[in-house]
Amino acid sequence: MRDVRDSSPGFSRRGFIQSLALSSLAVGAAPGVAATTANKSGQDHQALGDSFVVEAGWILREAGGELELLRDGQVLVRRGVIEEVRAGRFSDALPRLKLPDQLLLPGLISGHTHCCSATPTRGIIEGPRSYARPLELVEQLSDDEMDALTALNLAELLRSGCTTHLEMSLSLRQAESYVRSAEPWGVRAYPGAMIPGIERLFAIWFRENDQVLMDAESGTLDEIAANLAFCKKHMGKGEGRILPMMSPHACDTQTPATMRALASAARELGTGLHIHLSQGQRETDTVKRLWGVTPTQWMESFGMLADGPVFGAHMSGLDWDIDPPILNKHGVVYAHCPSGGGAGNGTQPYPEALAAGMAVNIGIDTHSNDYIENLKLAVLYGQARHELLGEWDSGRESQRPTVWNAVEGATRIPAKGLGRDDLGVIKAGARADLISIEVSGMLNGTGALPPEPLNNLLYANGRMVRTVMTDGRVQVHDGMFVADDPQHILRDGGEVAKKIWRQLEAEDWFTPTPR
Ligand SMILES: [Zn+2]
């Protein structure tokens, strides 16, 4: 978020997984692999088992600490881990996933998502209208309805190659819903609920006087305690893939007492912090007015930047003279979400952050779950912004973003920020979080394997992702979501969206928009 069914779906999805688990046992597949699909060459992902070879036209691997593109490469995966990457063939005895026209990348990492709440705003806020009311209505749904929304949004994230999520659910109920889908699907996640949650947020965030903030303090301290309990309850679930972290909304909705409590909770958990940081000039001005320092300085004063990973989203209101050296000293990652606030909601300071030497991740935020589209937008919006900054002689340092910047920002930069040298890279010893993207076909290819395949990503979208796996478990195979039943997920998610639209219509929310 930026400044600006009647039947039980949970039950029937579980039934679907159970029936497929039985059928997968019958063909000897790896436990946890759900549906049976064969790709164009007749390959069945279940037949891969737990040791297999991925052959790809191009592989973006890390060698000697540098990223390099390997032509006609092979990756050997055993029990969820990459054992070796090479150009030559491995033993013929191993099952193979053959992707000769595709580019193999590490699983993409989003440093900022609000999973359950993406589809309820998409397609209705671009007028522009405020996203606030649809998001409030999400929180009024039943657990089953919330699960239907979470499932669709989570499936979309996976479908577009996003395997690891720093998930700031908009409430504890939505965070619980997120874990209910993420754990059985084998998703890697750092979940938490936004503090204050969506039910209390807008009154505090858009307050007319600061007494509202002070009066909210005890309620926010209660939320911090409840979130700490949530984090402890789910820590290490999903064979270690679920690692909850504290996720405060932003500095302008906290007081010194709640900041101390957040710092203490984060220190106790050891998984770090995920926050909206200087997401607009208004936030920076408010924190300076109340506490005399920038949000970054204020966080540092509580020791919040020193213990564990810190991911800050948006940073549009950063003080460019003061903040970048502090953020860089502590290895803070800027989660740049090019479609944050919805499609067409302006550009963000990606070129300035690159020029300041900051670690920049590409994140999702709320309304779009298409990671490839967001990667592309980061580069194209960033290049446009860089050119305009130069023309207007803004006085800011700026660096023209490249597709290499964005791909690294989607993979090993956030992995490093998380303290995970086993994520975000294709190399021996890394987790087998892998995705493949079509780069040779219609619309983003040329009919032949291209010479510089990262450039073809600039013409791609998430539906061109063909394979997604986490810890070697296939979740998307040959462009089909196979971790669960996609038709069921889409239908149930759509029913909940229709319910929200009906309520918005009843409230005369659909005001006329410019044509
Ligand atoms: Zn956000």
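The values are calculated or read from the model by the stated rules, or taken from the named source; none is laboratory data. On a predicted model such as this, the values are computed, not experimentally measured, just so you know. As a convention, Cβ positions derive from the backbone with ideal geometry for all residues, glycine included, and neighbour counts pool all protein chains shown.
Would you be able to say whether some residue in the range 502-514 is among the acidic types (D, E) and closer than 17 Å to Q46 by Cα? Scanning the range 502-514 turns up no residue that is among the acidic types (D, E) and closer than 17 Å to Q46 by Cα. One residue stands out in the range 123-163 among those that are crowded, with 24+ Cβ neighbours inside 10 Å and of a type in the set (S, T, Y): the one that is nearest to the ligand (Cβ to nearest atom), namely T150.
Any residue that is touching a helix residue (DSSP H, G or I) at 6+ places or on another chain (Cβ under 7 Å) and more than 16 Å from the ligand (Cβ to nearest atom) - is there at least one of those in the range 165-174? Within the range 165-174, one or more residues are touching a helix residue (DSSP H, G or I) at 6+ places or on another chain (Cβ under 7 Å) and more than 16 Å from the ligand (Cβ to nearest atom). Per the conditions (1) away from the ligand (no atom under 16 Å from the Cβ); (2) aromatic (F, W, Y); (3) farther than 22 Å from S264 by Cα, the sole criterion not satisfied by Y334 is (1).
Just one of the listed residues (G479, G494, G472) is under 24 Å from I125 (Cα atoms) and under 25 Å from the mean Cα position of the chain (by Cα), and it is G494.
Screening E387 with (1) closer than 28 Å to G272 by Cβ; (2) out of contact with any Gly (no Cβ under 6 Å at 6 or more places or on another chain); (3) acidic (D, E) gives one miss only, at (1). Taken over the range 242-265, the residue count meeting the criterion of being more than 16 Å from the ligand (Cβ to nearest atom) and either modelled with pLDDT under 95 or in a helix (DSSP H, G or I) (or both) is 10. For the range 112-122, the criterion of being more than 16 Å from the ligand (Cβ to nearest atom), of a type outside the set (K, R), on the phi < 0 side of the Ramachandran plot and surrounded by 22 or more Cβ atoms within 10 Å (Cβ to Cβ) is satisfied by no residue at all. Residues that are in contact with a helix residue (DSSP H, G or I) (Cβ under 8 Å, 6 or more places away or on another chain) and within 16 Å of the ligand (Cβ to nearest atom) do not occur anywhere in the range 94-106. For beta carbons closer than 7 Å, sequence separation of 6+ or different chains, a first residue in the range 305-316 that is within 16 Å of the ligand (Cβ to nearest atom) and a second that is in a loop (DSSP other than H, G, I, E, B) and basic (K, R), the qualifying pairs are H314/R2.
Residue by residue, here is whether (1) under 17 Å from L504 (Cα atoms); (2) among the charged types (D, E, K, R) holds:
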{"site": "S117", "(1), (2)": "yes, no"}
{"site": "I124", "(1), (2)": "yes, no"}
{"site": "R129", "(1), (2)": "yes, yes"}
{"site": "R133", "(1), (2)": "yes, yes"}
{"site": "E136", "(1), (2)": "yes, yes"}
{"site": "D143", "(1), (2)": "no, yes"}
{"site": "D147", "(1), (2)": "no, yes"}
{"site": "A155", "(1), (2)": "no, no"}
{"site": "G161", "(1), (2)": "no, no"}
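Within the range 266-278, being away from the ligand (no atom under 16 Å from the Cβ) and within 15 Å of L305 (Cβ to Cβ) holds for A266, R267, G270, T271, G272.
Summed over the range 459-478, residues that are among the small types (G, A, S) and farther than 14 Å from V54 by Cα total 2. Within this structure, A193 passes the test of being surrounded by 22 or more Cβ atoms within 10 Å (Cβ to Cβ), among the small types (G, A, S) and modelled with pLDDT of 95 or more. The residues of the range 129-148 that are under 20 Å from the mean Cα position of the chain (by Cα) and among the acidic types (D, E) amount to a single one, D147.
Only one of the numbered conditions (1) closer than 30 Å to S130 by Cβ; (2) part of a helix (DSSP H, G or I) is not met by R515, and that is (2).
Among the residues of the range 340-370, write down those that are in contact with a Leu (Cβ under 9 Å, 6 or more places away or on another chain), over 22 Å from V293 (Cα atoms) and either crowded, with 24+ Cβ neighbours inside 10 Å or not assigned by TED's automatic domain parsing to the domain that holds P191 (or both). P351, V360, N361, I362, G363, I364, T366, N369, listed by residue number.
Could you tell me whether any residue of the range 62-79 is surrounded by fewer than 17 Cβ atoms within 10 Å (Cβ to Cβ), in the same structural domain as L434 (by TED's automatic domain parsing) and within 16 Å of Q475 (Cα to Cα)? Yes - at least one qualifying residue is present in the range 62-79.
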